[in-house]
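Notes follow once the structure below has been shown.
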Amino acid sequence: MYIWSNYFLNKTFMKIGIPKEIKPQEARVGVTPAGAQALIQSGHEVYVQKGAGLLSGFEDFSYKAVGCQLVDSLQSVYKTAEMIIKVKEPVEEEYAFIQPNQLLFTYFHFASSAALTHAMIASKAICLAYETVSENNKLPLLIPMSEVAGRMATQEGAKYLEKPQGGFGILLGGVPGVAPAHVMVLGGGIAGTEAAKMASGLGANVTIFDNNLDRLRHLEDVMPSNVTPMFSNTYNIEKEIQRSHLIIGTVLIPGSKAPKLITKTHLKTMMPGTVLVDVAIDQGGCFETSEPTTHENPIRVKEGIIHYAVTNMPGAVPNTSTIALTNASLKYALQLANKGWKKACQENQALQRGLNIVQGKVVYKEVAEAFNLEYIDSSSILN
């Protein structure tokens, strides 16, 4: 009884807000009803904006049934909550609602947006980014969305290869007597692996590039015979793009801008109707000619080459994406809520690595370098 009492005496009880995403064509929600229930069972109060989960397949009554309190407006969620759990970075309309010392737990991708970075510095909030939470050399909160985006990249690429969409007019897997399409995947991480698996499963000939030999050896062991792992260098890339019908870019450097592996000059060497899918667009994109697009207007055509660069690809399948994200993020959300952000980060280096901006200070080196800002080590903030 004494131990149980001490547990509650040392526990933080927090007001947690779940706003409705207002980024165009973003249908995901930060927490499922099951996740909200777990937070409430730990003694926290959860405030959900009405309609927040509707497009993900979660009605308001599902949240109310597990003990959430429903609020009418976006502003009310921010005004009430000490901790905000979202999916996408705050958009300009939200900036004025963010309070000093408020904890924001979401995807930020700061390196791709100076405006967002400066707005969050000015807000004096604590910005803990899903994409830089790192544990055992893995990015556990990026993995589920990378899995979704990688699979979607092949799915969307196959669609835009159809002639009515402006594509080359080739079926990924071909048919008996007709050669399949060539698919090129840049990056052998989670998203790239999933893209290659999908493309190979449809029967395409796939070449997947990476500059890590150990990763290439692993891919050689686990991939089917129609997938060729290839070392990534300029020579090999330039040779492969000439015969590729679908090129998927998934290269990621955590917290930094993605490297531009395909340039404007390369477009001239591609077959007209080739499709480029830039999964890395959230981090600036790995194709020089990529520009962020939306689900409403997903493609741009440049020099006869289709560019698909939707910044929130998993938002098109919000039910799958929301459940997958909550499965991964809930344990970290519970630590932050139960202990408070500072103690949770002191005790868990994975969460400490998630800190990007704290009370006006940039504490993630790659973000500071992207915009020539002063960098302060997060350890000095936590001590």
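The values are calculated or read from the model by the stated rules, or taken from the named source; none is laboratory data. No experiment lies behind these values; they were computed from the predicted model shown. All Cβ positions, glycine included, derive from the backbone under ideal geometry; neighbour counts span all protein chains shown.
For the stretch 73-83, indicate whether the set of residues that are more than 16 Å from L330 (Cβ to Cβ) and touching a Leu at 6+ places or on another chain (Cβ under 7 Å) is non-empty.
yes
Tell me which strands (runs of 3 or more DSSP E) are completely within the stretch 261-331 and hold 3 or more residues being closer than 20 Å to A196 by Cβ and in contact with a helix residue (DSSP H, G or I) (Cβ under 9 Å, 6 or more places away or on another chain), or say none if there are none.
Working: elements: 275-278, 299-302, 305-308.
Correct list: 275-278.
Can you go through Y95, Y130 and tell me which one is within 19 Å of G17 (Cβ to Cβ) and buried (at least 23 other Cβ atoms within 10 Å of the Cβ)?
The unique qualifying residue is Y130.
Name the residue that is farthest from Y107 (Cα to Cα), counting only residues in the stretch 351-383 that are among the aromatic types (F, W, Y) and surrounded by fewer than 21 Cβ atoms within 10 Å (Cβ to Cβ).
Looking at the filtered set, the residue picked out is Y375.
Is it true that S76 is modelled with pLDDT of 95 or more and either aliphatic (A, V, I, L, M) or touching a strand residue (DSSP E or B) at 6+ places or on another chain (Cβ under 9 Å) (or both)?
The answer is yes for S76.
Filter the stretch 319-350 for residues that are crowded, with 24+ Cβ neighbours inside 10 Å and under 23 Å from V277 (Cβ atoms) and give the result.
If the condition is that a residue be crowded, with 24+ Cβ neighbours inside 10 Å and under 23 Å from V277 (Cβ atoms), then S321, T322, L325 are the ones that fit.
Does E303 meet the test of being under 19 Å from A149 (Cα atoms), surrounded by fewer than 23 Cβ atoms within 10 Å (Cβ to Cβ) and among the acidic types (D, E)? Spell out the reasoning first.
Numbers: under 19 Å from A149 (Cα atoms): no; surrounded by fewer than 23 Cβ atoms within 10 Å (Cβ to Cβ): yes; among the acidic types (D, E): yes.
No, not satisfied.
Need a quick list: strands (runs of 3 or more DSSP E) entirely within the stretch 176-248 having at least 3 residues that are within 26 Å of the chain's Cα centre (by Cα) and of a type in the set (A, V, I, L, M).
It comes to 182-186.
Rundown of residues vs (1) touching a Pro at 6+ places or on another chain (Cβ under 8 Å); (2) of a type in the set (G, A, S), yes/no style:
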site: I22; (1), (2): no, no
site: G30; (1), (2): yes, yes
site: Y63; (1), (2): yes, no
site: A81; (1), (2): no, yes
site: E93; (1), (2): no, no
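Taking the stretch 268-282, which residues are surrounded by fewer than 20 Cβ atoms within 10 Å (Cβ to Cβ) and among the hydrophobic types (A, V, I, L, M, F, W, C)?
Answer for the stretch 268-282, where residues must be surrounded by fewer than 20 Cβ atoms within 10 Å (Cβ to Cβ) and among the hydrophobic types (A, V, I, L, M, F, W, C): just M271.
Can you find a residue that is among the aromatic types (F, W, Y), touching a residue at least 40 places away in the same chain (Cβ under 8 Å), in a helix (DSSP H, G or I) and closer than 29 Å to A333 by Cα anywhere in the stretch 124-137?
Step one: filter the stretch 124-137 for residues among the aromatic types (F, W, Y), giving 130.
Okay, now just the ones that are also touching a residue at least 40 places away in the same chain (Cβ under 8 Å), so 130.
After this cut, where a residue has to be in a helix (DSSP H, G or I) as well, the list is 130.
Add one more test, that the residue is closer than 29 Å to A333 by Cα, and what stays is 130.
Yes - at least one qualifying residue is present in the stretch 124-137.
Can you pull out every residue in the stretch 90-106 that is over 20 Å from C345 (Cβ atoms) and within 17 Å of the chain's Cα centre (by Cα)?
In the first step, residues of the stretch 90-106 are kept if they are over 20 Å from C345 (Cβ atoms); the result is 90-97.
Hits for the stretch 90-106 are P90, V91.
Consider Y63 carefully, then state whether it is buried (at least 18 other Cβ atoms within 10 Å of the Cβ) and more than 24 Å from the chain's Cα centre (by Cα).
yes
Tally time: how many residues in the stretch 296-340 are free of Cβ contacts under 8 Å to residues at least 60 places away in the same chain and within 22 Å of A350 (Cβ to Cβ)?
The number of residues fulfilling the criteria is 2.
In contact (Cβ under 8 Å) with a residue 40 or more places away in the chain and under 15 Å from M120 (Cβ atoms): is that true of G354 in this structure?
yes
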